[in-house]
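Single-structure report; data block below.
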Amino acid sequence: MDSHSPPLKTADYIIVGGGTSGLVMANLLSEDPTVSILVLESGPNRAKDSYITDLMAWLKHPAGHVLGGSSAINSLVFVPPSAAGLNTWEQMGNPGWNWQTFNQKYAYTSKLVLERPTVGTRPYTATINPNCAQRSSADVTYSAVAAQHPNLTILTAATVHRIMFNSPAVGDRYRAAWILVEITDNPDLKLVRTNRKIVLAAGVFQTPKLLELNRGVGANMQNHLIAIIPCLLSRISEIEDLNPGFQALAFIRLNNQKDLRLLDQFLSSERSATSGRTQAIELILANLDKASACIFLSTIPGPVALFGLIPCFLLSQAVQYLSITPSLHKFFDRGLAPTEASLEITKAAVRKKALTTHHTCGSVAILPLEKKKVVYSTLTVYGTTNLRVVDASIFPLMPHANPMATVYAVAERAADILKSL
Ligand SMILES: Cc1cc2nc3c(=O)[nH]c(=O)nc-3n(C[C@H](O)[C@H](O)[C@H](O)COP(=O)(O)OP(=O)(O)OC[C@H]3O[C@@H](n4cnc5c(N)ncnc54)[C@H](O)[C@@H]3O)c2cc1C
């Protein structure tokens with residue numbers, strides 16, 4: 001199950017990337033004992049390394065280059081996507097990719113993630129194992145179960161450099177046949193052949209890199225920005241025993257009247273109707289009963305809190321909203337900066353300080369070919385017969401939530417699709 005296993009020259013399914021989605025796929029495909037599965041993961045297996053299992057390890061890593069991928073180093077926030085957001089995936093041209101399919105079929109999602117009104121706080125789950133208080137990631141959950149399946153091999157330190165196609169094409173579509181791979185411990189194994197399918201789960205940056213000759217690759221990439229406002233906590237009894245860490249998360253609607261005015265302006269301005277960003281903004285503005293921003297509070301050692309804003313939209317408006325909300329003021333020693341500054345000043349401050357949340361997705365989106373996108377809603381790459389993508393790259397629209405919960409659910413659905421074809 002690791003890089004010391006005997007070398008494989010061929011497998012029915014070759015999965016490129018043993019990260020969050022790749023290990024869900026490996027687990028579910030290997031339930032069928034008649035097929036062989038090979039996972040090629042470029043990073044090492046560090047499932048037992050306390051640097052990884054430690055709940056704060058994510059702070060030091062920009063991306064997950066280990067078995068378990070970004071689920072092994074991320075900030076543990078497991079938030080469901082919104083129903084309206086998932087339904088938009090279908091409206092964008094992907095039959096069956098809607099909230100109902102996910103809610104009915106993927107029980108773990110619906111149990112944790114029952115859609116409730118998103119205005120005001122709602123419970124969120126952290127990916128922490130309650131038995132040992134350590135990180136629960138794809139490598140210690142999905143791959144631990146999959147390790148009991150003898151038809152599955154996981155090679156770590158195995159970096160895929162190229163997908164090679166059969167020539168000539170079948171009709172006008174090419175068949176992905178070989179993977180060119182570099183394995184640190186095994187310089188002899190360079191080419192692996194697939195009998196059936198090659199599945200790309202190398203993440204939102206590396207999957208498009210492997211597909212870069214395909215048109216549309218990268219064009220739909222989306223991310224959440226984050227604005228962090230450090231503020232001194234007041235010494236009041238309600239909050240004096242706070243431990244460092246994540247304290248609260250709320251999805252709120254910022255300002256319905258203002259949003260309606262913005263929607264009017266937005267709809268009358270010149271814009272590209274097919275862009276994912278356009279559709280995301282339109283969706284948020286038009287659904288006034290849904291959240292338009294996610295606000296969280298985290299504490300660090302000492303009397304300091306970090307107010308974070310991961311907006312679905314309108315980052316500067318969210319910053320202003322916080323600074324003028326009277327019920328928050330008693331918790332903060334010197335108020336929340338910036339105070340009631342003008343919107344233009346707030347916008348400039350946010351532009352200067354905004355950071356990435358590492359929620360990137362959509363670089364190889366499932367969208368109709370006429371929109372110049374890359375993957376069919378059956379997850380097949382256009383122009384190929386058997387090359388599939390199953391990771392966060394395929395999201396046509398960024399979820400209105402931290403993406404990990406959606407990555408797990410999409411990978412489960414992807415496994416069902418692959419098994420049925
Ligand atoms: C720092 C950080 C914090 C985050 N915090 C949160 C959070 O709190 N909540 C949340 O919901 N989301 C969070 N996210 C996002 C979430 O973790 C990701 O969206 C999700 O894990 C992506 O899953 P994936 O399967 O698409 O890719 P990944 O899990 O990143 O898996 C890709 C895998 O492919 C491997 N790989 C890449 N190229 C190759 C190659 N050529 N050959 C072989 N293997 C290869 C990589 O090593 C990696 O293991 C965070 C992300 C980061 C980076």
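None of the figures in this text is laboratory data; all of them are computed from the coordinates on show. Keep in mind that this is a model prediction, so the values were computed, not measured. Positions of Cβ are generated from backbone atoms using ideal geometry, with glycine treated the same way; all protein chains shown enter the neighbour counts.
From the cross-link list 209/373; 9/197; 197/373; 258/290, which pairs have alpha carbons spaced over 23 Å apart?
Details: 209/373 15 Å; 9/197 15 Å; 197/373 21 Å; 258/290 15 Å.
Too far apart for the 23 Å limit: no listed pair.
Output wanted: per-residue J couplings in Hz (rounded whole) for segment 403-408, from phi through Karplus 6.51 cos²θ - 1.76 cosθ + 1.60, θ = phi - 60°, x for Gly and Pro.
Karplus-based 3J(HN,Hα) across segment 403-408 equals x, 4, 4, 6, 4, 4 Hz.
Listing 48, 209, 290 from the residue with the fewest other Cβ atoms within 10 Å to the one with the most, what is the order?
Values: 48 9, 209 12, 290 20.
Ranking 48, 209, 290 by Cβ neighbours within 10 Å, fewest first, gives 48, 209, 290.
Give me, ordered by chain and number, the residues 5 or more places off residue 125 or on other chains with an amide H under 5 Å from its own placed amide H.
78
From the phi angles alone, apply the Karplus equation (6.51, -1.76, 1.60; θ = phi - 60°) to segment 36-50 and give each ³J(HN,Hα) in whole Hz, x where the residue is Gly or Pro.
3J(HN,Hα) across segment 36-50, in whole Hz: 9, 10, 10, 9, 10, 10, 5, x, x, 8, 10, 4, 9, 7, 5.
As a footprinting exposure proxy, order 79, 350 by other Cβ within 10 Å, with the fewest listed first.
Working: 79 24, 350 20.
Least to most surrounded, the residues fall as 350, 79.
In whole Hz, what ³J(HN,Hα) sequence does segment 316-328 give by Karplus (6.51, -1.76, 1.60; θ = phi - 60°), x for Gly and Pro?
Per-residue couplings from phi come out as 5, 5, 5, 4, 5, 4, 4, 5, 10, 7, x, 5, 8 Hz.
Non-local amide H neighbours of residue 177 (under 5 Å, H modeled in plane, Pro and chain starts lacking H): which ones?
Under 5 Å from the amide H of residue 177: 164, 165, 166.
Compute the distance from the alpha-carbon center of segment 143-210 to that of segment 383-413, in whole Å.
18
List the residues whose amide H sits under 5 Å from the amide H of residue 189, counting only those 5 or more places along or on another chain, with H placed 1.01 Å from N in the peptide plane.
Correct list: empty.
So how do 192-198, 157-163, 80-86 stack up, highest first, on mean other-Cβ count within 10 Å? Present the calculation step by step, with values, prior to reporting the outcome.
Values: 192-198: 19.7, 157-163: 17.4, 80-86: 22.7.
Descending mean neighbour count gives 80-86, 192-198, 157-163.
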